[in-house]
Structure formats: structure tokens, C-alpha cells
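Undergrad: Input: one structure, supplied below.
The values are calculated or read from the model by the stated rules, or taken from the named source; none is laboratory data. Bear in mind the structure is a predicted one, so any value in this text is a computation, not a measurement. As a convention, Cβ positions derive from the backbone with ideal geometry for all residues, glycine included, and neighbour counts pool all protein chains shown. The area values use the complete protein model at the heavy-atom level, side chains included, leaving out ligands, DNA and RNA. Shrake-Rupley method; radii C 1.70, N 1.55, O 1.52, S 1.80 Å.
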Amino acid sequence: MRPLMIAACFLLTATAFSASAQDAQAPAAPAAAAPAAAAPTAPTAPVSLKGDAARGKQLTYTCQGCHGVTGYKNAYPNYHVPRIGGQSEVYLTNALTEYKKGTRKHPTMQAQAQSFSDQDIADIAAFLSTVK
């Protein structure tokens, strides 16, 4: 179990480092291009992202550490781990988004979800909804 935890930590660190490196490489917008006064914008409906199940499969590697345990029981502390394979895509997206925002409480899941972009969440939900 220890190598899986180390792999999970490494993957999360690598993902976070990669994301911050990409942000640092993004060119800054020139100051002269900024409009003098911002026009008010109309509220928009949330954009529904299309999930990529193949990418989602790669992102769910660390999920197996808890959710892939036979009988859905975690070794320490001993608690029931919910079945996520085969859940609806909408449910999975909502759950991960709520963990990311902190409105759903579970320290491990909050830490996991905060490392995901909205597209990552859509990809994970697309994959997990197909698992039987």
C-alpha cells in the first residue's frame, strides 16, 4: 500500500508543478491592449465541458488507492468508501466540484479535487461513469 501512496503523492506533485509551469509560460497581455473602461457583461450559463474518457482513465490512477479496494473498505481508518465506478457523469462532476469548492467535506477528497481543473473533472466523470 505504501508504494501506491508514494505514487499518488508523486503524481499530484507532478500535476501541480506542470500546471504552474504552464501558467508561468503564458504571455502577459500588453497593458496598452486593455480597454479604458470594461463594459458590463451579462451573466452566462455555466459551460458544460465534454469529458474525454481516455484522459479520465489516466487521471483516475490515484483513485484506485481507496475506491479500488475490494469491498470498498479503507484499511485505515476503517470506513466505507463509496463506489464511484458506474455512477452518473452528472453526479460525479457535481461531487468533485463540491469537494474542490470545499462545500463537501472530506480532507483527502478535497485535496484530490483541488488539484483538478474543470476539464480534468469532466474527463474523470466521463471515464468513471462507464466503469462497471
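Undergrad: Which numbered condition trips up ALA24, out of (1) open to solvent by 70 Å² or more (accessible area, probe 1.4 Å); (2) modelled with pLDDT of 90 or more; (3) of a type in the set (A, V, I, L, M, F, W, C)?
TA: Evaluating ALA24 over (1) open to solvent by 70 Å² or more (accessible area, probe 1.4 Å); (2) modelled with pLDDT of 90 or more; (3) of a type in the set (A, V, I, L, M, F, W, C) leaves (2) as the failure.
Undergrad: When you scan the range 72-91, do you find a residue that is among the small types (Gly, Ala, Ser), in a helix (DSSP H, G or I) and either surrounded by 11 or more Cβ atoms within 10 Å (Cβ to Cβ) or modelled with pLDDT under 90 (or both), even just one?
TA: Kept after step one, since they are among the small types (Gly, Ala, Ser), are these residues of the range 72-91: 75, 85-86, 88.
Still in the list and also in a helix (DSSP H, G or I): none.
No: the range 72-91 contains no residue that is among the small types (Gly, Ala, Ser), in a helix (DSSP H, G or I) and either surrounded by 11 or more Cβ atoms within 10 Å (Cβ to Cβ) or modelled with pLDDT under 90 (or both).
Undergrad: Here's another thing I want to ask about it. Does the range 99-110 hold any residues that are within 19 Å of CYS66 (Cβ to Cβ) and touching a helix residue (DSSP H, G or I) at 6+ places or on another chain (Cβ under 8 Å), and which are they?
TA: Correct list: TYR99, LYS100, ARG104, HIS106, THR108, MET109, GLN110.
Undergrad: Right, next: Looking only at the range 95-132, filter to residues that are under 16 Å from THR60 (Cβ atoms) and in a loop (DSSP other than H, G, I, E, B); which one of those is modelled with the lowest pLDDT?
TA: For the range 95-132, the residue satisfying everything is LYS132.
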